[in-house]
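Step one of this worksheet: look at the structure below.
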Amino acid sequence: MTSLLTLHDYAAEASRRLSPPVWDFIEGGQGDERSLRANREAFERATVVPRVLTGTAEPETGTRILGADWAVPFAIAPTAFHAMVHPDGERATARGAAALPVPYVVSTMASVPFADIAAVAGGPLWLQLYAFADRGVTRHVIGQAEAAGMGALMLTVDAPRLARRLRDLRRDFRLPPGIRAVNLPDADLVSPGEHSRRAFAPALDWGELAWLRSVTELPLLVKGVAAAEDAALAVAHGVDGIVVSNHGGRQFSAAPATLDLLPAVVDRVAGAVPVLLDGGIRGGSDVLVALDRGADAVLVGRPVLHGLAVGGAGGVRGVLDLLAEELSEAMLMAGRPRVRPAPARSPVPSPA
Ligand SMILES: Cc1cc2nc3c(=O)[nH]c(=O)nc-3n(C[C@H](O)[C@H](O)[C@H](O)COP(=O)(O)O)c2cc1C
Ligand SMILES: O=C(O)C(=O)c1ccccc1
């Protein structure tokens, strides 16, 4: 039995278990993959100045985000089609998350019905939303999420379509037979890239937020904000939270590392709404670095898929427990007794 002592160990084991096309679909980025590498390089450079004599014995990793208690300041990032990685798909992911529990942001492109995921979930469950050219499709997806009792919507705004990912193009990547986006009215799609060109809303603007507000009461976050100016616009348009993300380097290779973008966004948002970050979180110290730079919480993408590949629900739980333990140790060693609680949404400030 290989020992799984780091998230990197899970990745190495997953790479042995997954087929090369699926592995490359998961790992790849857009273009020359600079933004994919940049996310990691930023964390590899980053440090946290430890405080001493803080009287901390057992750091408190819990926090509150949008009125819900989180046991840890990280959640599962939305990733498509978990049934490609494990036969139980998102059911296994949700079971693995329920143990701690860790909040789970389910992808619009989940391969299991939202209701079945919700049935085994144990912590906050949110929906990641793609906006479709046909708003009837978007409404259908929101309706299913509401029926499943999900607690918030996270609109992805960095994907007018899926970008050209060379690893997938070189292999002519297709979804394996039987893998379907079952929460869409027309679930059969073969090539995610081709489907996105046909179905995603290609010309989103801030008006989409007002429309979403008119069809749902759920809290609304935007995922994929990079520029501080856009963060300010998002707050002015009344979002409940912001996710600084470059889609794990999958959309635009010249995008900066998310960690490098974070301080300016945090500065501009000035506590009006929670600010989350994703991209390149591969250990507890990375989580602490992001919190130290002002994030209220982070999302973890690929490592969860690695855990799923290694051991289904148990593997997901293994990854999440490991990350929680590493974070707790990092907080202890850095003299951070607790996570700063996230802001509740404050009254809308005037547009910047
Ligand atoms: C295989 C895969 C599928 C993804 N699918 C989605 C998706 O359906 N919706 C979305 O908003 N982001 C999606 N993402 C992006 C993640 O939500 C997240 O931004 C990114 O993976 C974070 O970086 P990390 O993998 O380095 O942690 C996907 C990422 C991967 C690796
Ligand atoms: O691969 C992705 O990053 C992604 O977001 C996605 C979206 C739709 C279908 C498959 C993947």
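Extension gain for residue 214-residue 5 works out to 70.5 nm (0.36 nm per residue, less the C-alpha to C-alpha distance).
For the chain, relative contact order (Cα pairs under 8 Å, six or more residues apart, normalised by length) works out to 28 percent.
Amide H to amide H, with H built 1.01 Å from N, residue 189 comes under 5 Å of 181, counting only residues 5 or more places away or on other chains.
Among 43, 114, sorting on how many other beta-carbon atoms sit within 10 Å of each Cβ, with the fewest leading, yields 43, 114. Two tests apply to each whole DSSP H helix in the chain, Cα reach of 24 Å or more along its axis and mean Kyte-Doolittle hydropathy of at least -1.0, and the ones passing both are 302-334. The spacing between segment 146-222 and segment 249-322, judged by their C-alpha centroids, is 20 Å. Restriction of the GluC sites (Glu not before Pro) in segment 30-130 to DSSP coil positions whose beta-carbon has at most 16 other beta-carbons within 10 angstrom yields no sites.
Only helices enter this figure: runs of n ≥ 4 DSSP H residues, each worth -39500 (n - 2.57), summed and divided by the residues of the chain, yield -12500 deg cm²/dmol at 222 nm to the nearest 500.
Less than 5 angstrom separates the built amide H of residue 133 from those of 200, 201, all sequence-distant by 5 or more or on a different chain. What is segment 193-352's relative contact order, in percent, from Cα pairs under 8 angstrom and six or more apart in sequence? Contact order relative to length: 22 percent. Here the peptides 201-208, 178-185, 337-344, 21-28 are ranked by packing, the mean other Cβ count within 10 Å, and the order with the highest first is 21-28, 178-185, 337-344, 201-208. For segment 44-202, the relative contact order comes to 20 percent (Cα pairs under 8 Å, sequence separation of at least 6).
Within the chain, antiparallel bridges make up roughly 15 percent of the DSSP beta bridges whose residues both belong there.
Amide hydrogen proximity for residue 75: with H placed 1.01 Å from N in the peptide plane, the residues at 5 or more positions away or on another chain lying under 5 Å are 298, 299, 300.
With the highest mean first, a sort of the peptides 228-239, 161-172, 61-72 on other beta-carbon atoms found within 10 angstrom per residue produces 228-239, 61-72, 161-172.
All of the numbers you see were taken from the coordinates with simple rules; none came from a lab. Since the model is a prediction, treat every value here as computed from it, not as a measurement. Positions of Cβ are backbone-derived with ideal geometry, glycine not excepted, and every protein chain shown enters the neighbour counts.
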